[in-house]
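The values are calculated or read from the model by the stated rules, or taken from the named source; none is laboratory data. These numbers were taken from a predicted model, which means no experiment stands behind them. With ideal geometry, Cβ positions are generated from the backbone for all residues, glycine too; neighbour counts draw on all protein chains shown. Heavy atoms of the whole protein, side chains included, go into the accessibility calculation; ligands, DNA and RNA do not. Shrake-Rupley method; radii C 1.70, N 1.55, O 1.52, S 1.80 Å.
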Amino acid sequence: MHRLAIASCVLAAAAFAQSPLSTLNVGGNQGNQGGGIYFNLTVNQTITINQIDFRVAVAGQPQDALDVWLGPTTYVGNVTNAALWTLVSSTQSVAIPNDTLAIGPMAANITLGPGSYGVALVAQNGSFSHSYTNGDGNATPGSGTNQTYSTTELTLEGGAAQNAFLQGGVFQPRIWNGDIHYSLGGTPIAVASQETYG
């Protein structure tokens, strides 16, 4: 009987995600209002993202939201081609505080299957600016000591920023400040991928 109870506890513990995946919350740098912040996300098993908390440098309006875009398997070399990116969801309208984390429940949850994704986070309607941290490595995602964050289910490698979303100069390394809250399972959304031909 005791063995059965212990086995049940072990199986129950395995069913819980290590959510959230958290990066930094120290700021130190910021982009223009409406700019984009980019990172790579590697998913090891299917997850459903239900909330994204994000650090804001310049506050927006109470009805503002964070838009979540997915691109090719990496943002590197792909942040000036809008055709490669798809808006997949936004947070619900949330209060956007100044120089702190905004709590952002998703308006529609995002389910991602195993694989690699380029991720872009953008102020909806260009209404606020991201607060982020300079990476201590180089432009290769994850190269510095403050550029990689992991749980059992996923790994985030940062990152870059632009003062205008998907256009203009790219500043890197820049590390997004925030938390990705998720649960295990779900039906993954269909997203385009980029592969080398030949």
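Summary table below
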read-out: For segment 90-198: rounded, prolate or oblate by the Cα gyration tensor [a/c cutoff 1.5]; value: rounded
read-out: Alpha carbon centroid spacing (whole Å) that separates segment 116-185 from segment 35-58; value: 7
read-out: Probe 1.4 Å - accessible area at TYR182, Å² to nearest ten; value: 10
read-out: Hydrodynamic radius by Kirkwood, which averages 1/r over all alpha carbon pairs of segment 33-72, in angstrom; value: 13.0
read-out: Solvent exposure of the chain as accessible area per residue, Å², 1.4 Å probe; value: 47
read-out: MRE, 222 nm, helices only [DSSP H, n ≥ 4, -39500 (n - 2.57), over the chain, to nearest 500]; value: -2000 deg cm²/dmol
read-out: Ratio of the Cα radius of gyration of the chain to 2.2 N^0.38 Å, where N counts its residues; value: 1.05
read-out: Ranked order, TRP69, TRP176 - accessible area, probe 1.4 Å, largest first; value: TRP69, TRP176
read-out: Carbon plus sulfur fraction of accessible area for the chain, probe 1.4 Å, in percent; value: 53
read-out: Angle in degrees between helix 2-14 and the longest Cα principal axis of the chain, rounded to the nearest 10; value: 10
read-out: Spin-label model distance (nm) - ALA139 vs PHE16, 7 Å beyond Cα toward Cβ; value: 4.3
